Every structure is written in structure tokens, then in C-alpha cells.
1. Tell me, yes or no, whether the stretch 139-146 has at least one residue that is at pLDDT below 95 and away from the ligand (no atom under 16 Å from the Cβ).
2. In the stretch 48-76, how many are under 16 Å from residue 243 (Cβ atoms), surrounded by fewer than 19 Cβ atoms within 10 Å (Cβ to Cβ) and touching a strand residue (DSSP E or B) at 6+ places or on another chain (Cβ under 8 Å)?
3. When you go through (1) more than 9 Å from the ligand (Cβ to nearest atom); (2) over 21 Å from residue 42 (Cα atoms); (3) out of contact with any strand residue (DSSP E or B) (no Cβ under 9 Å at 6 or more places or on another chain) one by one for residue 311, which number turns out not to apply?
4. Residues that are within 12 Å of the ligand (Cβ to nearest atom), over 26 Å from residue 58 (Cβ atoms), at pLDDT 95 or above and not in a loop (DSSP other than H, G, I, E, B): does the stretch 284-306 have at least one?
5. What number of residues in the stretch 307-324 are surrounded by fewer than 16 Cβ atoms within 10 Å (Cβ to Cβ), free of Cβ contacts under 8 Å to residues at least 40 places away in the same chain and not in a loop (DSSP other than H, G, I, E, B)?
6. Within the bounds of the stretch 260-274, is there any residue that is closer than 24 Å to residue 178 by Cα, free of Cβ contacts under 8 Å to residues at least 40 places away in the same chain, within 10 Å of the ligand (Cβ to nearest atom) and in contact with a helix residue (DSSP H, G or I) (Cβ under 7 Å, 6 or more places away or on another chain)?
7. Which condition breaks for residue 135 when tested against (1) part of a loop (DSSP other than H, G, I, E, B); (2) within 16 Å of the ligand (Cβ to nearest atom); (3) buried (at least 18 other Cβ atoms within 10 Å of the Cβ)?
8. List pairs: first in the stretch 226-255 and farther than 16 Å from residue 275 by Cβ, second in a strand (DSSP E or B) and within 10 Å of the ligand (Cβ to nearest atom), Cβ under 9 Å, 6+ apart or cross-chain?
Ligand code: GDP
């Protein structure tokens, strides 16, 4: 944990809605600029699945590994210093290896599965892990209930999310996204409370369709957000994603991928929208009434970029509120 050096944000409470890769980057920046304990991250669990009998929570693990300083810097997922003895042994047995599981990462899934089997809730397990990893921010699953995202393809098949993303490499064309897989998950009460108590809610630069929409679709979430100041950061830059299928999904769902499309996607919730400084400024006729926009350097390659973007967003929010 770097020394706290942003006195202007010392009393500010922030809740973030996040997926894995893009989410974890901005979450780390916010964690570093806010006072310890003043950040709550509400993480998508629509990507969660069971593999080799183990409960795997890709987005939660990406956020936690990042906050704990354990994340693998080159892959953008998994752990630093990982080894692959189990994966190699599985391969030699002819077992499915399309979802890469490193040896150290397996420990997380093994222990999580054991604790869930003892009757602990996912939110409790995550809180325990965060304690062990000396994470001071709160990390909450969006729900303790099952809420799997399913992808209905244009070929008519319905794929669990990891089968679509990893096994099929996001190649099938998306026809429709089935949020929560037919279940009716309840939002985690602590997550709703964290949103209510926040001075600002940040929608991270995560995939709007499969990382953020599963959170927004939970009962009551949109209602509490409408009472709050909300800022979103575009995961689409110059019509493309940094990683992952968000832009491809926009196109397949009949929407030209752009930061403007992301702004429109969240339009009813936002006070402020952040898009990349490298883009042509939006036309004022495109910008929606009541929503401010700002262009910032939003590509986060190292910790300094993450801190700088987080600080710039919070400062802009303070200036915006002061000006109202
Ligand atoms: P996933 O659940 O692991 O796919 O992760 P997310 O949904 O959180 O992140 C995927 C999105 O993050 C993609 O749409 C990327 O374009 C976006 N992303 C990744 N890195 C960055 C970055 O440095 N800046 C911005 N603005 N977006 C990013």
C-alpha cells in the first residue's frame, strides 16, 4: 500500500461497479488515491463457473489479485510467478485444458470451494481472503446467489459465458445475452448499502454487456443509482477494446462500437462520462442533457496511469459538484 497522499479525497467514499480486466485497473488506482477503507468494489459474478468441481470467480479474483499486488502483469489475469505443473499433468491425462489454471491460482479456487462447501457465503469467503491478502478496500460480489451470464449465439446455441469467451475464444456471433441465466439473484445487501453511502459511484471501463449489465440488472440497483452521482469510464477507445469482445458484441448487437455508444448505454444513470483523450471530441448535439463529458488519458498500462486516471476523475467530480 502506497502512502496516502491525496488529502483532497480524504473523506470521500466511492463505490465502483467492475468486471475483471478493465475494472481491476481502475479499482487499483481508486484504492491508492482514497483513504483506506473508503472504496467498495461491487464485482460482476456473471462470469463465475464450476470447473473440475471448483468454484471459479474470474472477475473477483482479478480485482483481488490486483489490489493485493499479486496480479500477473503480462497476462492481465492470474497470478505473478505462476507455475503450471497441475495444468501440464492434466493435459497428459487428456483432461480439458481450455481454461488455464495455474498452480497458485488453484489454491484460491480449492479453498473457496471448501469454504463454500462448509456453508459460507461467497461474500464471506471473499472478505476472508481480502483480510489474508491485507486488502483494505472492500470487495463485494454483486450477489451471493447464482447469476450466470449465458450467451445465445446467432447459430442458435446457448453457451455459458466462459465457454463462449475462453473455450470458443469469443468467436460465435452474439444474438442475445441472457443475464442471470434464468435465476432471480438478490443483490448483496451490503452492495446496495455501499452505493447508498457513496459520495460517488464509478462504473469502471469494463464490458458494458457482460460485466456491468449483470450488476445493473439486479433488483433495486438502478433505483439506488438514480439517487447518486454516477461517472462511467469508456472501455471503448477509437471504436476498439483494449482486450476482450465488448466492441465485437456492440457490432453484433447492431450498434456501432464507440465511446458514444457506451455513453448512450448508461445514459439514464450518468452525471459524468469519461472517454479517451485520443478521440475526436463528441459533438455537443450527441451529448445528453444533464451529463457532463470529459476526455482523459484512460489507457492504463502501469500503476502510475491507474492512479492518475483515478485522481483526475475524482478531482473532476469535485469540481463539477462545486460548480453546481
Ligand atoms: P473481464 O470481465 O475480465 O472481461 O473484464 P472487464 O469487463 O472489466 O474489462 C474488459 C474491458 O476493459 C474491455 O472492454 C477493455 O477495452 C477494457 N479495458 C482494459 N484495459 C483498459 C484500459 O487501460 N483503459 C480503458 N479505458 N479500458 C480498458
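1. no
2. Here the count works out to 1.
3. (2)
4. So far as the stretch 284-306 goes, yes, one or more of its residues are within 12 Å of the ligand (Cβ to nearest atom), over 26 Å from residue 58 (Cβ atoms), at pLDDT 95 or above and not in a loop (DSSP other than H, G, I, E, B).
5. Qualifying residue count, the stretch 307-324: 3.
6. So far as the stretch 260-274 goes, no, none of its residues is closer than 24 Å to residue 178 by Cα, free of Cβ contacts under 8 Å to residues at least 40 places away in the same chain, within 10 Å of the ligand (Cβ to nearest atom) and in contact with a helix residue (DSSP H, G or I) (Cβ under 7 Å, 6 or more places away or on another chain).
7. With (1) part of a loop (DSSP other than H, G, I, E, B); (2) within 16 Å of the ligand (Cβ to nearest atom); (3) buried (at least 18 other Cβ atoms within 10 Å of the Cβ) applied to residue 135, the lone miss is (2).
8. So the pair list comes out as 248/241.
The values are calculated or read from the model by the stated rules, or taken from the named source; none is laboratory data. In this text, all values refer to a predicted model and were calculated from it rather than measured experimentally. FYI the Cβ positions are ideal-geometry reconstructions off the backbone, even for glycines, and counts take in every protein chain you see.
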